[in-house]
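To keep things clear, I will list the structure first and then write my remarks on it.
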Amino acid sequence: MLNLQLRSDDGNRLVEQVVTGVRQHIESRLLRPGARLPSIRRLAAQQRISRFTVVEAYDRLVASGHVESRRGSGFYVTVPAVPETAAERTGGLERAVDVANLIAGVVSDDARAANVGNRLYAGGCLPNDWQEASGMRRYARSVAASGIELTDFGTSLGYPPLREFVARRLTEIGIGAAASQVLLTAGATHGFDLVIRYLLAPGDAVLVDDPGYYNLFGHLKLAGVRLLPVPRGPDGPDLDAIARLAAETRPKAYFTMSVLNNPTCTHIQPAIAHRLLQLAAQYRFYIVEDDIFSDFADGAPTRLAALDRLERTFYLGSYSKTLSSSMRVGFVVANPDAIAALTRMKLLVTMTTSAFAERIVHEMLVGGHFRKHVARICDRLDARRARMANELERAGWQLDRIPEAGLFLWARHPDVDDSLWIAQGARREGVLLAPGASFRPHHDASAWMRFNASCVVDPAVFRLLARAPALAKAARQ
């Protein structure tokens, strides 16, 4: 779909804006090779611009080789004669690009503007001022003024004191691991990359939550593996589906979030967790447990790594959600043999990770302020979550549930069967939303939508959400 954002006050001529917009759609793969562009008449009507403007823009795109004109048929995205890269030959990037486009949208310049205007409801992070309350600037200045970490190369496993802290912290949630079993990474995404490289080969089958974390789906598609969706309910995954899929396909691994699933904020209940581990042992697949929202969880929910004692489980965590979205510090915990192999892979992929960032995180964790910082975040989230849930219901939306903790609300409008169209319509009005299809492994249609509960409750946004059916209808046209 061609979704141009033309602005009369942009400073650039409308022709140049059309050309730039179409090129960006092509280069980001929103328009695939061979895709047909809107007719001159239709695009002019959609954008309320002159047909001569569209004609000149299309002529420039033909001249640049981005578009080809077919007599009597219209204008089409040019199909490359020969694939030039391994990604194009294998199709790996093509399979993952839909997720990459979503991520790019959330971190784009438009998203930054929406964030400043309190209209970025699609994001997965806390507001910047909430994280800045951690005292990060003070700790960063202190670390920069002392020690060698500002310029030091670091070590293969990562900053030793931080690994020791992580190991002690894990005992509080029932996971026994030595510091030598903790591998520091540049965030959880880096951890996923290493684990996927270690466990999987192209063509392997893997089980994933449906709905689940969209960035993970993109990583797995890029690796060329087959995604097998497992329905995720309020108490955890559908065990019957796992048993059936495991018997039929012999998957290599199951990637899941046992605590505060993204996007539904549900936990895996103990009975289901125990049976899941039995199935993993029976069908000999690994479990990759993503626990990046651990600090937001109330009480002591069941962790698969604690029950499994890291025999078949890889446990991933991160401090990017609570301390700093910019300072990418995460970790992988696994059995000693796996950590040894992952460490060698880390050295090949990134050499070491930032000792400077790791020491800052360590100083913040041991400085006595971290627990109070997280408690304040959770209190603020509770208040924002309750208000947002109330405003969504007043706008005619239905909530899956109101979670007791976590960053997200999962909701739908009863009169719209595919929330993607709501998101398309809202984007035209400067509001960025996260449609449910993004959180499905194969991006099947979904009526549901994820909302970041930490966002400011802007009445104008919820008046727009009350018009969801009209937004969707207009976007479909």
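The values are calculated or read from the model by the stated rules, or taken from the named source; none is laboratory data. Being a predicted model, the structure only gives us computed values, none of them experimental. Cβ: placed from backbone, ideal geometry, glycine included. Neighbour counts: every protein chain shown. These area figures cover heavy atoms from the full protein model, side chains too; ligands, DNA and RNA do not enter into them. Shrake-Rupley method; radii C 1.70, N 1.55, O 1.52, S 1.80 Å.
Quick notes
- Whether segment 349-477 is rounded, prolate or oblate, judged on the alpha carbon gyration tensor where a/c under 1.5 counts as rounded: prolate
- Relative contact order computed over the chain (Cα-Cα under 8 Å; 6+ residues apart), in percent: 17 percent
- Taking packing as the residue-averaged number of other Cβ atoms within 10 angstrom, the listed peptides 278-286, 359-367 run from highest to lowest as 359-367, 278-286.
- Heavy-atom accessible area order for 164, 16, largest first, 1.4 Å probe: 164, 16
- Relative contact order of segment 263-318, defined on C-alpha pairs under 8 angstrom at six or more residues apart (%): 44 percent
- Per-residue surface analysis assigns residue 6 an accessible area of about 40 Å², computed on protein heavy atoms at 1.4 Å probe radius.
- Estimated from helical segments only, the mean residue ellipticity of the chain at 222 nm is -14000 deg cm²/dmol, where each DSSP H run of four or more residues counts as -39500 (n - 2.57).
- Potential lengthening between residue 70 and residue 444 on full extension [0.36 nm per residue; Cα-Cα distance subtracted]: 131.4 nm
- With only Cα atoms counted, the chain has Rg and Dmax values of 23.7, 72 Å.
- Ligands, DNA and RNA are left out, and with a 1.4 angstrom probe the accessible area of the chain is 45 Å² per residue.
- When all protein chains stay in place and ligands, DNA and RNA are ignored, the 1.4 Å accessible-area order of 275, 169, 476, largest first, is 476, 275, 169.
- The fraction of accessible area contributed by carbon and sulfur in the chain is 50 percent, rounded to a whole number (1.4 Å probe; ligands and nucleic acids excluded).
- Cross-link check: pairs 221/372; 252/372; 346/372; 321/473; 252/346 evaluated at a Cα-Cα cut-off of 31 Å; pairs beyond the cut-off: 221/372; 252/372; 346/372; 321/473.
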